[in-house]
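Take a look at the structure set out below.
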Amino acid sequence: MTRLPIRIEKGVYIASSASAAGKNEKEGPLGSAFDASSDDDRFGQDTWERAESEMQRLALDAALGKADFDPSSLDAVFAGDLLNQCVASNYGLLSFGIPFFGLYGACSTAAEGLILASLFCGAGAKRCAAVTSSHFCSAERQFRFPLEYGGQRTPTAQWTVTAAGAFILTDDRDDVRIDASVRAIPRIAAVMPGIAVDRGIDDLSNMGAAMAPAAADTLTRYFSAGADPGEFDLIVTGDLGREGSEILRDLIASTGRDITRNHVDCGMMIYDCDGTDRHAGGSGCGCSAAVMASNILPNVRAGVLKRVLFVGTGALMSPLTVNQKGTIPGIAHLCDITGEVTREAK
Amino acid sequence: MEYLRAFIVGGALCVLAQILIDKTRMSPGRILVLYVTAGVVLGAVGLYGPLVDFAGGGATVPLTGFGYLISKGVKDAIDAEGAVGILKGGVTAAAGGITAALFFGAAASLFFKSRPKR
Amino acid sequence: MNTDGKTYKKFAQARARKSPVLKNCAAAFASGGAICAAGHGLRTLFSSVGFSDADAGMLTSSTLILIAVLLTGIGVFDTVAKHTGAGTLVPITGFANAVASSAIDSRTEGLVPGVGAKIFTVAGPVLVWGISAGAVYGVIYYFVTALR
């Protein structure tokens, strides 16, 4: 039986989004759009793990401020990060006192959280939030080497983004605060949960290649259910990076569809990649969260983008399974986001 | 001239490791283990000693030299004291380097903080 | 594209950007050679002030280790090493950097479970297998000489 996309008939809207980011990200092309940043990536904390928690707190706080919602009015928050036991989220969101679901979908968690929060709102909750983060320093410690370790990065190795993104969803269009600059309200119209796909990649520094088949699988299933790539202003993947993006375009082309004109990758958008160590692009669940929150969604609100497919991509391995010579399965979750033109803009 | 020999032999040992890293994606940790055990083996079969005589620092500074030191320590200790040398010789010969690395490393953790890469 | 795992892996590997091997090797040769030549100089220096061969070697290693640890602490080692690669990894400096970076990085987890345990993350395997290889050689050497 073919799995169909889940359509959310009841309107579920993204009331606001916000982000926090580190110094490398602040100096990147999207730097001015982030709501909070830190020159030493510490965010005033004494450990990298707490710094990542603080980024989540700052991002959600900023998003709540933009929506003009009180934390006590949120029914649930879905949050995740890359650390063991999901600690950046647990500790970062503790002070809000919002009912909490911790998620792990590797770098796909931003899309996973958006899907679950939108379905929660579609099923009776009023307001929900989705928050994700990654921090270069805490991720490097967990997945690779100590920070001061003198290693060489291979050309395909992606750079874990130091950033967090928060999204606040509501089931009521009139609940969304509108100002003069808002021409459309982003609505999550349909979602397509991802299926883990393992195509035998075992190189930890070529995760784009591990995730691309999963992204191709989810997109192909979505297009087969009756959508054409040309309908979308942008098809935004999470963090396939340079190699992964190229592979995805080829895999989609082999199904007779073309996404070369409207495909962008958050990992390639967040840095000026050429000439730096970030040559293969960014990764991490803070990457797509921050780019969506501070670039893509604001453009939907401004009416620049009318319809966007967001495909969060993740690599579902751990350092332990890699040491055990395991392969790296990829996963990709999809959200179909439409800008509903406001009455004022009509 | 002796410095040139040290430079060339030491440089060549590094190039060999670089090729392994780039071509086989071998991790740095495995390279280090490979080099130290290779040093023990080459020392044991009598090949590394002559290289040390030829290249000086070019053979003793790379991690293969650390392995050679262990094998030489084991051999000398067995020659002098018999079977107990099997357990004593290696670490005794390498004691200075090991202590320096652990002591300086632990001390560094008290004075320095890790920082993000740019 | 319905390919099996092996075909896809090959396809992905073929597309992956290659490491600049020649450039990396040149950098490794120059930096590794320079460190070894400097080590040779230190060794000569220690010998000339009256230390035995073995002690001069030990003091040379310790000096290089101290320098590498300090450079690691002030955050210089990793920025140099990303260019020099094996040139700084293979000399004793790479071992020292592995020890110091693990220790500094785990300081927030305390002196015992943090620094004390994690200091061996990269250095531990070198000691375990280097010393074990030495012991294996010792057993063989002992019996070969005993039988003679």
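Here A:SER72 does not qualify as closer than 22 Å to A:MET269 by Cα, of a type in the set (Ser, Thr, Tyr) and at pLDDT 95 or above.
Can you find a residue in region B:14-24 that is touching a residue at least 24 places away in the same chain (Cβ under 8 Å), facing chain C (nearest Cβ under 7 Å) and surrounded by fewer than 24 Cβ atoms within 10 Å (Cβ to Cβ)?
no
Of all residues in region A:35-46 being part of a loop (DSSP other than H, G, I, E, B) and in contact (Cβ under 8 Å) with a residue 12 or more places away in the chain, which is surrounded by the most Cβ atoms within 10 Å (Cβ to Cβ)? Walk me through it before giving the result.
If we filter region A:35-46 for residues that are part of a loop (DSSP other than H, G, I, E, B), which is where we start, we get A:35, A:38-46.
Still in the running and in contact (Cβ under 8 Å) with a residue 12 or more places away in the chain: A:35, A:38-41, A:43.
Details: A:ASP35: 22, A:SER38: 20, A:ASP39: 9, A:ASP40: 11, A:ASP41: 25, A:PHE43: 23.
Taking the candidates together, the pick is A:ASP41.
The test for being of a type in the set (D, E, K, R), away from every other protein chain (no Cβ under 14 Å), crowded, with 24+ Cβ neighbours inside 10 Å and touching a strand residue (DSSP E or B) at 6+ places or on another chain (Cβ under 8 Å) does not hold for A:ASP233.
Within region B:68-77, identify whether any single residue is over 21 Å from C:ARG43 (Cα atoms), facing another protein chain (nearest Cβ under 8 Å) and touching a Pro at 6+ places or on another chain (Cβ under 6 Å), and answer yes or no. There is no residue in region B:68-77 that is over 21 Å from C:ARG43 (Cα atoms), facing another protein chain (nearest Cβ under 8 Å) and touching a Pro at 6+ places or on another chain (Cβ under 6 Å).
In region A:125-152, the qualifying residues are those that are of a type in the set (Gly, Ala, Ser) and in contact (Cβ under 8 Å) with a residue 12 or more places away in the chain, and the one that is nearest to A:GLY284 (Cα to Cα) is A:SER134. When C:MET58 is tested against (1) more than 9 Å from chain B (Cβ to nearest Cβ); (2) surrounded by 17 or more Cβ atoms within 10 Å (Cβ to Cβ); (3) over 15 Å from the mean Cα position of the chain (by Cα), exactly one condition is not met: (1).
Would you check if C:LEU66 is more than 8 Å from chain B (Cβ to nearest Cβ) and surrounded by fewer than 19 Cβ atoms within 10 Å (Cβ to Cβ)? Judged against the criteria, C:LEU66 is not a match. A single member of B:GLY39, B:GLY29, B:GLY43, B:GLY57 is at the interface with chain C (Cβ under 7 Å from one of its Cβ atoms) and more than 30 Å from A:ASP277 (Cβ to Cβ), and it is B:GLY57.
For residues that are under 27 Å from A:SER138 (Cα atoms) and among the β-branched types (Val, Ile, Thr), scanning just region A:265-315, find the one that is farthest from the other protein chains (Cβ to nearest Cβ). Once the filter is applied, the top-ranked residue is A:ILE296.
Looking at the structure I just gave you, is C:PHE29 touching a Leu at 6+ places or on another chain (Cβ under 7 Å) and more than 30 Å from A:SER245 (Cβ to Cβ)? No; evaluated as a whole, the condition is false for this residue.
Against the condition in contact with a His (Cβ under 8 Å, 6 or more places away or on another chain), modelled with pLDDT under 95 and crowded, with 17+ Cβ neighbours inside 10 Å, how does A:CYS273 come out, does it pass? Considered against the rule, which asks whether it is in contact with a His (Cβ under 8 Å, 6 or more places away or on another chain), modelled with pLDDT under 95 and crowded, with 17+ Cβ neighbours inside 10 Å, A:CYS273 comes out as yes. Just a yes or no: is a residue in region C:90-102 facing another protein chain (nearest Cβ under 7 Å) and farther than 30 Å from C:SER47 by Cβ? Yes: region C:90-102 contains one or more residues that are facing another protein chain (nearest Cβ under 7 Å) and farther than 30 Å from C:SER47 by Cβ. The set of residues in region C:120-131 that are touching a helix residue (DSSP H, G or I) at 6+ places or on another chain (Cβ under 6 Å) and either surrounded by fewer than 17 Cβ atoms within 10 Å (Cβ to Cβ) or modelled with pLDDT of 95 or more (or both) comprises C:PRO125, C:VAL126, C:TRP129, C:GLY130, C:ILE131. Filtering region C:33-55 to residues that are facing chain B (nearest Cβ under 10 Å), surrounded by 14 or more Cβ atoms within 10 Å (Cβ to Cβ) and either out of contact with any strand residue (DSSP E or B) (no Cβ under 9 Å at 6 or more places or on another chain) or more than 22 Å from B:GLY96 (Cβ to Cβ) (or both) leaves C:GLY33, C:ALA34, C:ALA37, C:ALA38, C:HIS40, C:GLY41, C:LEU42, C:ARG43, C:THR44, C:ALA54. Where helices (runs of 4 or more DSSP H) fall entirely within region B:44-104, those with at least 2 residues that are over 13 Å from the mean Cα position of the chain (by Cα) are at B:48-55, B:63-81.
May I ask you to list the residues in region A:234-270 that are under 18 Å from the mean Cα position of the chain (by Cα) and either in a helix (DSSP H, G or I) or of a type in the set (D, E, K, R) (or both)? Within region A:234-270, A:ASP239, A:GLY241, A:ARG242, A:GLY244, A:SER245, A:LEU248, A:ASP265, A:CYS266, A:GLY267, A:MET268, A:MET269 meet the criteria. The residues of region B:108-118 include none that are crowded, with 16+ Cβ neighbours inside 10 Å, more than 7 Å from chain C (Cβ to nearest Cβ) and aliphatic (A, V, I, L, M).
Is it the case that B:GLY39 is in contact with a Leu (Cβ under 8 Å, 6 or more places away or on another chain), crowded, with 18+ Cβ neighbours inside 10 Å and at pLDDT 95 or above? For B:GLY39, the condition - in contact with a Leu (Cβ under 8 Å, 6 or more places away or on another chain), crowded, with 18+ Cβ neighbours inside 10 Å and at pLDDT 95 or above - is met.
Within region A:52-74, the presence of at least one residue that is assigned to a loop (DSSP other than H, G, I, E, B), buried (at least 17 other Cβ atoms within 10 Å of the Cβ), away from chain B (no Cβ under 14 Å) and touching a Cys at 6+ places or on another chain (Cβ under 8 Å) is confirmed. Considering only residues in region C:132-148 that are facing another protein chain (nearest Cβ under 7 Å), surrounded by fewer than 20 Cβ atoms within 10 Å (Cβ to Cβ) and hydrophobic (A, V, I, L, M, F, W, C), the one that is farthest from B:LYS88 (Cα to Cα) turns out to be C:VAL139. Evaluation of A:GLY226 against the conditions (1) without any contact (Cβ under 8 Å) to a residue 24 or more places away in the chain; (2) assigned to a helix (DSSP H, G or I) shows that the sole unmet condition is (2). When C:GLY75 is tested against (1) part of a helix (DSSP H, G or I); (2) under 30 Å from A:LEU147 (Cβ atoms); (3) at the interface with chain B (Cβ under 7 Å from one of its Cβ atoms), just one condition goes unmet, and that condition is (1).
Here C:HIS83 fulfils each of the conditions (1) out of contact with any strand residue (DSSP E or B) (no Cβ under 7 Å at 6 or more places or on another chain); (2) of a type outside the set (Lys, Arg); (3) surrounded by 18 or more Cβ atoms within 10 Å (Cβ to Cβ); (4) in contact (Cβ under 8 Å) with a residue 24 or more places away in the chain apart from (3).
The values are calculated or read from the model by the stated rules, or taken from the named source; none is laboratory data. Everything numeric here is computed off the predicted structure, so don't read it as measured data. Please note: Cβ atoms are built from the backbone with ideal geometry, for glycine as well, and neighbour counts cover all protein chains shown.
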